[in-house]
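The values are calculated or read from the model by the stated rules, or taken from the named source; none is laboratory data. Quantities reported herein were computed from a predicted structural model and do not represent experimental measurements. Because the Cβ atoms are built from the backbone with ideal geometry, glycine has one as well, and the counts that use them run over all protein chains shown. The accessibility values were calculated without ligands, DNA or RNA, using every heavy atom of the protein model including side chains. Shrake-Rupley method; radii C 1.70, N 1.55, O 1.52, S 1.80 Å.
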Amino acid sequence: MTRILKLFLLLFTTTVVSQNNDITSKLYETYNTYKETSLGERRIKHTDIQPLIDKLKENSKYTIKKVGQSIEGRDLSLISIGSGKTNVLLWSQMHGDEPTATQAIFDIFNFLNGSEFSDEKEAILSNLTLHFLPMLNPDGAENFTRRNALGVDINRDAVRLQSPESKTLKRVRDSLNADFGFNLHDQSIYYNAERTDKPATISYLAPAYNYEKDINTVRGNAMKVIVFMNSIIQKYAPGQVGRYNDDFEPRAFGDNIQKWGTSTILIESGGYKNDVEKQEIRRLNYVSILSAIYSIAKENYKNISIKEYDKIPQNDRKLFDLKILGATYTLLDNNYTIDLGINHLEVDNEDHSDYYNIGKVMDQGDLSTYYGYNTFDASDYRIIEGNIYPKVFKSIKDLSGLDTYELLKSGYTYVQLEELPKDKKYTSLPINLIKAGNKTPKLVLKPGANSTFLLQKNDTIDYAVINGFLINLKTKESHFKNALIYR
């Protein structure tokens, strides 16, 4: 290729990206106009999206077909819009506990139904036909679990096709012979962009279709679209994009759909600081998916170099919710300097509509190559065990006037009650509750242990870690969710 032609392509690509960036800026800024407010939390279920699908049936622009049922009999719907010859298939939540993109899909419907962006929507809907298969695993969503009612990971059932949900996805893909496919997932919030403290808020992958990881036109087109989406996300979450491992998995849908001739793009929604319900990440899904769809409609992606794909940092897994750095810990009368990596593990309530956290030590020692969503330099602090406040209260109602922060400053991390709340394992108070007469749980720091302790400097307790949540006792600042009840 001549130098002049290379410069021309570079200029052309830069102009295209710049023009599309103008559009995506508007998409990002106007997002709240289109956000589907009925889906405000992660633990959505089939009954939450069905009224929204029924409402779309009233709009003649959409074609809605029941294309299958889950094992437990919940309908799987294919929602199509557009008249273009290029078919784009988007499916979400094949893992029941990965709902971020499902919410974004319904935001996209609101966008398509809106009055703004008329030129962009015309370009999309005249050149493409969009097909959405939201919540492929509604039985898993019911219990907020990865697998379906058979206990099968649908994303490892692309060959054997034993689950009805798997058969549905295969049949839909084949019937459309889709040109592009968007495989929409959530990943662990503890992934980071390799060798950085940045969470992998969004991770992409153009799955391999063979063990050799060859790149043909089909996979190459997926890579080009990913390069474009990465340029968009960098504007709103700089450094927070990762690249998923592309080792070939012969049982997986993404790998096989790529092999079957559909340019397949995996989008994984990870973590974002102080975004527990992933609503900002949902917004980023909305923006990047719509931007990608527009690029496909305009065929701008064709002029993007796939060389940029490998420059996206790989996913690593070196993040903690809280990293305590360089604290002094006394064990058997000897002092040690240790780092602690603490995560807030989620435990669902009985109907899986909400959750509480258990803060556990995940690792300790020299964690200098690890990072935290929140990192506290405790190099001047000593870890000390908390005590039980000696006064016994009858029930939780009697704690209304209690200054728990003063108790924490005084070295108490437990309050004892005669009557503990029935069938409840946690409290919103920033102090643990314990049955009157029971002994304080012994502080032994080790991986898997609950993390409740105090941080003392010069005989003054400035910070408390209660169930893994760091509380500044001087300012009362924290991102505290819950403490625990010990019976």
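Some points to look at:
- Hydrodynamic radius (Kirkwood) for the chain, which is based on Cα pairs only, to one decimal in Å: 24.6 Å
- Accessible area expressed per residue, the chain, with surrounding protein chains retained (probe 1.4 Å, Å²): 44 Å²
- Under 13 Å from Lys224, Cα to Cα: aspartates and glutamates that are on another chain or at least 8 residues apart: Glu299, Glu308, Asp310
- Neighbour cut-off at most 14 other Cβ (10 Å), DSSP loop, chymotrypsin sites (Phe, Trp or Tyr not before Pro), segment 152-236: Tyr211
- Once C-alpha pairs closer than 8 Å and six or more residues apart are averaged by separation and normalised to the residue number of segment 256-368, the relative contact order reads 14 percent.
- Remark: the Lys446-Asn59 segment gains 133.6 nm on full extension, using 0.36 nm per residue and subtracting the alpha carbon distance.
- The calculated P(r) of segment 414-466, using every Cα pair and 10 Å bins from 0, goes 20, 45, 31, 4, 0 in percent.
- Considering all C-alpha pairs of segment 298-385, those separated by over 15 Å amount to 71%.
- Helix screen, the chain: DSSP H segments with Cα axial length of 30 Å or more and mean Kyte-Doolittle hydropathy at least 0.0 are 3-29.
- A DSSP coil position with no more than 11 other Cβ atoms inside 10 Å describes the following GluC sites (Glu not before Pro) in segment 186-282: Glu212.
- Segment 72-171: C-alpha pair distances exceeding 21 Å, %: 39 percent
- Segment 79-111-segment 320-347 distance, computed between alpha-carbon centres (Å): 42 Å
- By accessible area with a 1.4 Å probe, ligands and nucleic acids excluded, highest first: order of Arg171, Arg42: Arg171, Arg42
- Largest accessible area first, the listed residues Thr168, Thr33 line up as Thr33, Thr168 when surface is computed with a 1.4 Å probe on the assembled protein chains.
- In units of the rule-of-thumb radius 2.2 N^0.38 Å, segment 226-268 shows an alpha carbon radius of gyration of 1.37.
- Calculated over segment 308-438, the projected area of the Cα convex hull averaged across directions stands at 12.3 nm².
- In the chain, a dipole from Cβ-located charges (positive for Lys and Arg, negative for Asp and Glu) runs towards its positive end, and of Asn343, Gly359, Gly242 it is Gly242 whose Cα lies farthest in that direction.
- Kirkwood radius, segment 215-367, all distinct C-alpha pairs, inverse of mean reciprocal distance: 18.8 Å.
- Taking all Cα pairs closer than 8 Å and separated by 6 or more residues, the relative contact order of segment 337-480 comes to 25 percent.
- Eligible aspartates and glutamates near Lys66 by straight Cα distance, threshold 14 Å, same-chain separation 8 or greater: Asp54, Asp75, Glu165
- Calculated SAXS-style log₁₀ I(q)/I(0) at q = 0.18, 0.20 Å⁻¹ - segment 124-182, Debye, Cα scatterers: -0.68, -0.79
- Residue by residue, segment 369-380 carries 3J(HN,Hα) couplings of 9, 10, 9, x, 4, 10, 10, 10, 7, 9, 5, 9 Hz when phi is fed to the Karplus relation 6.51 cos²θ - 1.76 cosθ + 1.60 (θ = phi - 60°); x denotes Gly or Pro.
- Computed log₁₀ I(q)/I(0) - Debye formula, equal Cα scatterers, no solvent, segment 126-236, q 0.09, 0.10, 0.11, 0.18 Å⁻¹: -0.32, -0.40, -0.49, -1.25
- The chain - percent relative contact order, Cα under 8 Å, separation 6 or more: 12 percent
- Reciprocal mean inverse distance between Cα atoms of segment 152-301 - Kirkwood radius, Å: 15.9 Å
- Counted residue by residue at 0.36 nm each, then reduced by the alpha carbon distance between them, the extension gain from Ser25 to Lys213 reaches 64.2 nm.
- Of Lys35/Lys422; Lys26/Lys273; Lys170/Lys198; Lys45/Lys474; Lys35/Lys235; Lys167/Lys318, those spanning more than 32 Å from alpha-carbon to alpha-carbon: Lys35/Lys422; Lys170/Lys198; Lys45/Lys474; Lys167/Lys318
- Computed helical MRE - 222 nm, the chain, DSSP H runs ≥ 4 contributing -39500 (n - 2.57), nearest 500: -9000 deg cm²/dmol
- Applied to segment 387-404, the Karplus parametrisation 6.51 cos²θ - 1.76 cosθ + 1.60 on θ = phi - 60° returns per-residue 3J(HN,Hα) values of 10, 8, 4, x, 6, 9, 9, 6, 8, 5, 4, 7, 9, 4, x, 7, 8, 5 Hz, with x for Gly and Pro.
- Accessible heavy-atom area order of Trp91, Trp260, highest first, probe of 1.4 Å: Trp260, Trp91
- Separation of alpha-carbon centers, segment 23-39 and segment 404-425, rounded to whole Å: 43 Å
- Think of the chain as having a plus end and a minus end, set by charges on the Cβ of Lys, Arg, Asp and Glu; of Ser25, Tyr329, Phe228, Phe228 sits farthest toward the positive end of this dipole.
- Under the convention that each Lys and Arg Cβ holds +1 and each Asp and Glu Cβ holds -1, the size of the dipole of the chain around its Cα centre is about 520 debye.
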